[in-house]
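First the structure, in the form of structure tokens, and then the observations on it.
The values are calculated or read from the model by the stated rules, or taken from the named source; none is laboratory data. Nothing here was measured: the structure is a model prediction, and the numbers come from that model. Glycine also receives a Cβ, built like all others from the backbone with ideal geometry; neighbour counts cover every protein chain displayed. SASA here: full protein model, heavy atoms, side chains in, ligands and nucleic acids out. Shrake-Rupley method; radii C 1.70, N 1.55, O 1.52, S 1.80 Å.
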Amino acid sequence: MLLVPIHQRRGWLSVAFFTLFLIGGGMYAQDLTGGVQFAVLDSIGEPIPGVNAAVTGKEVQGVRGTASDERGRCVILALPPGEISVRISHPAYVSIVVDDVRIQLGRITSLGVITLRQQLHNMPELVVSASRVSMEVNNTTYGSNLRPADVDNIPLSRNYQDVIAMLPMSNTSYFGDAVNIGGATGAENKYIVEGVEVTDPLIQSSATALPYNFVREVEVRAGGYDAGSRSALGGVLNVITYSGTNELHGSVFGFYTSNRFAGEREVGLSDPTQGGFSNYDVGMSLGGPIIRDELWFFTAYNPTFANRDVDVPGYGISVDKTRVHSFAGKLTWKASEQLRLVMTATGDPSTQYAVGRGVSFPPAVLTTPDSYLMDIGFGGINLSLNGTYTLGQNALLEGSISRVNRHDTGDPATQRGKDETYYVEYPPGGEVWSGGPGSTWDSFRYATAGKFAATVLVGGHSLRAGVEYKVNGTDNRYVNHGIGKENDSSYYEWYSTGYQTIHNNIPSVFIHDTWQISRRVSLHAGIRWDGQYIIGSNGELAQTVTVPLQPRLGFTWLPDEEGTQKIFGSLGRYSQEFALFNSQGFSDQGYYYTIQYKQDPRVSRNGGDTISAGQATFAEGVQGLHGQYYDEVSLGYERAILGAIRLRVEGLYRTLRQAIDDAYIASTDTWQGGNPGSGPLADWPRVKREYTALVISVEQNSDPHFNFLASYVLSRNYGNFGGVFDAAFHSTFPNVTVAFDDLESTNQYGMGLLPNDRTHVVKLAASYRFDFGLAIGTYFIAQTGTPLSVYANSFDRPTGLIAPRGTAGRTPAIWDLSARLSYELPFDASPRGRIILDVFQIASRRAVVDVQQWKGRVDANGQFTYLEPTYGQAYRYQPPVSARLGLEVNF
């Protein structure tokens, strides 16, 4: 047995463990930390090498430190977000302690230039505050960071995914997708929690749900980020939860709202007729030390209960019940002075007793209620292990391994629904339904990857390079079965089943250099390569998606010596991987048939005529398929006003260069996916989506009483492709929009203002905290409506535009005002509690926010043969006024 002194053995084991850790498998990781940098000069402006810098803070395990280089530059990386103190010392100079330094997720905080005075007579150290706005000289990312202090007194949604709607260029969508960022749809965002990308790999329209009470910080990357970040066509949300500290801390919280606290709402076409509702959740968190300064823990749990009364036609009210179990757990281990490991588990396993799930238009008659009732399961669990290892003062190694599992199921909720086939009749008065639901599914999705990156500081360069390997996979099983009656002598039975086991292998390589030419000027250059290789259910390569190299360039310049101004710009290319939903054709695991009978097949299946039938076969891959990506250029100016207020002006142009969608090929009577304008869709116009924006924002977030974020965005979103999510028809399935379905209408009418174009958007989030415990917060937004178009189809042509896109008017301009009142309970010591009252949509106009745009069917001459009576009616209205009560206790 090898015997080694414990302090030596731990260091040796740390190196060995980190080496094994790096070569393991796992899930893709993003930034979990931030950093701080500054320059140290003497009284005549000369750099001082060898100055010691020591960092302490509640979130920092022990003391972190470094020494200044020959240029007087100090950089400390891999610091946890939060407030820190920096002690700067040298035997020949008076020491300085800089307090209240905010470390932001994914960013390097700059303290600018720190001047040391020569030590004369054993003078005491100086203590100063870093409360003034600091300009980052090495960052071109546009977006924002949100801490609990930024949103504590703002009336917002409970889910971190919706909190970002208060930021510029991030708009709430009323079409059924998530928040739209930078002209993209909600299905074009990526969600990263504790270094794990938790975006659903099958459909890319959902992600793990966590309440903001779990969240330590949210970083929103809207663009301009470096090559080390895997990108999205929309925005990237990077989230970390709380960590343990040397002090035991925790919270207990609860929120409640119901129809008793809400005004009367307008019911649109997509809203089920419903009466009462109630939403409530309770939760707790606890964190602290297992071994002080070495091993910390954090755990949190938040069950959410949502109930709503839904009218089942002919059977009265049934209660739709959704239960979401959000949780988070974390171990933070300082394995040695060089090695730090973070192990996390998050998730949101959920169930729903669903009433009217997926019913766009209720039937005229429901013979039995069973087709309306389903048991739904969704959500998943995410596990990760992230580590950083420091090599001396100028090198950092990073590694991550993790796994995401998501499981969605759908089954009949009643025994009769399981036993009886879905059945529909089509009499003149409207559809008549009976039997069970027409579809069931059991869909398992996973994402697995690993990442290794190294950062080296040499001279004025910060060079970062790395490799990643990510695998998105699915085992997706489904059954669609139903019977339709046309008349007494014509019945159709359809059946299809499939179980696709496919995955997408995505290797990546990147390198990025930030060159700080001087204390006020830096240049940024990097390049990224991503591959996409889709493997079919037979284990063989089915489709290669060619992704172009993604160069990313940028600069920052601080015009004044005080560092109160910043001019910055970026030029880059950003790509997003192909959703697995569109790869399901690479499987032969399933079959289908449609049979016509002269009698009801539930009575007898004799004498049927097969209309179509077959075994699922492998789809042929598209030759020369290119990945989805956009190019953008941005330029911005930032200025500190009165020390604590930040003014920011940005202009950006973003153009989508390539997309993947499907189209109808009339000559072969088939549907084909690909890149519009090339390959099998060469006859179609190339995809176009141009987003141009001017963004002005003013922010103050460090005042003990009054803080605010005000913004104005002037933008235009123009082209022939709205995005991966089809806003006009609310399709959650990615890359199968109606934009290119019909060649003639796409060529003639396809170009115009896109569905989520909003010319003017004004936002204000502000709060004021009184000394006696009362806090008042408000959130206001005013925005123009969205463009409307007119669609139609015929029996031999798919749905398409019949007038130029976006020329059928706009939905009304809307405004929204919400308020929060909170009062801190007068406890003399810990715990600290507060009562919260949120009032949303004050004086809501309940305006139309989404409109039915399909007008009907036309003949070969463009004349209407059928006019849809719901054309022009509202799908959704602005919500009415509502209130929510909450209680939070922290200790």
Angle, helix 6-22 long axis vs. longest principal axis of the chain, Cα atoms, 0 to 90°, nearest 10? 30
How far is it, in nm, from the label point at Arg657 to the one at Ile696 when both lie 7 Å from their Cα along the line to the Cβ? 3.3
So, counting K/R as plus one and D/E as minus one, what does the shell of residues with Cβ under 13 Å around Pro427 add up to? -3
Å² per residue, accessible surface of segment 130-235 at 1.4 Å: 17
Between the DSSP loop rule and a limit of at most 13 other Cβ atoms within 10 Å, which trypsin sites (Lys or Arg not before Pro) in segment 278-322 are left? Arg292
How large, in percent, is the carbon and sulfur part of the accessible surface of segment 360-503 at a probe radius of 1.4 Å? 56
Probe 1.4 Å, protein heavy atoms only - accessible area per residue of segment 270-316 in square angstrom: 45
Hand me the tally of lysine pairs in the chain: alpha carbons under 27 angstrom apart, and the pair either on different chains or 8 or more positions apart. 18
Given the candidates Asn675, Ile696, Ala739, the one whose Cα lies deepest towards the positive end of the charge dipole of segment 635-755, counting +1 at each Lys or Arg C-beta and -1 at each Asp or Glu C-beta, is Ile696
The summed charge of the Ser144 Cβ neighbourhood (under 13 Å; Lys/Arg +1, Asp/Glu -1) stands at -1
Run the simple label-point estimate for Asp771 and Ser129 please: 7 Å along Cα→C-beta, distance reported in nm. 1.5
If the chain between Thr544 and Asn861 were fully extended at 0.36 nm per residue, the gain over the current Cα-Cα distance would be 110.0 nm
Among segment 209-248, those whose backbone N falls under 16 Å of a label point 7 Å along Cα→Cβ from Thr56 are 246-247
Under the rule rounded for a/c under 1.5, else prolate if a/b exceeds b/c, else oblate, using alpha carbon gyration tensor axes a ≥ b ≥ c, the chain is classed as prolate
Ignoring ligands, DNA and RNA, please state the percent of accessible area on segment 623-781 from carbon and sulfur, probe 1.4 Å. 60
Count charges around Ala92 for me, please; just the other residues with Cβ under 11 Å from its Cβ, Lys/Arg as +1, Asp/Glu as -1. 0
Stretched fully, the stretch from His325 through Val479 gains (0.36 nm per residue minus C-alpha distance, one decimal, in nm) 52.7 nm
The FRET efficiency for Phe780 and Gln599, from their Cβ-Cβ distance with R0 = 56 Å and rounded to 0.05, is 0.30
To the nearest 20 debye, what is the magnitude of the charge dipole of segment 606-744 about its Cα centre, counting +1 on the Cβ of each Lys and Arg and -1 on the Cβ of each Asp and Glu? 760
Calculated FRET efficiency for the pair Trp671/Ala306, C-beta based, R₀ 30 Å, to 0.05: 0.20
How far is it, in nm, from the label point at Ser89 to the one at Glu266 when both lie 7 Å from their Cα along the line to the Cβ? 6.7
Extension gain (nm, one decimal) between Thr870 and Glu486, 0.36 nm per residue minus Cα-Cα: 135.9 nm
Name the residue farthest towards the positive end of the dipole of the chain from the options Leu656, Ser830, Gln415, assuming +1 on Cβ of Lys and Arg, -1 on Cβ of Asp and Glu, about the Cα centre. Ser830
Which is farthest toward the positive dipole end of segment 263-367 among Gln338, Ala328, Phe305, measuring Cα position about the Cα centre, with Cβ charges +1 (Lys, Arg) and -1 (Asp, Glu)? Gln338
In Å², what does the accessible area per residue of segment 645-730 work out to with a 1.4 Å probe? 39
Rounding to the nearest 20 debye, state how big the charge dipole of the chain is about its Cα centre with +1 on each Lys and Arg Cβ and -1 on each Asp and Glu Cβ. 1640
Probe radius 1.4 Å, ligands and nucleic acids ignored: give me the carbon and sulfur share of the accessible area of segment 104-158 as a rounded percent. 51
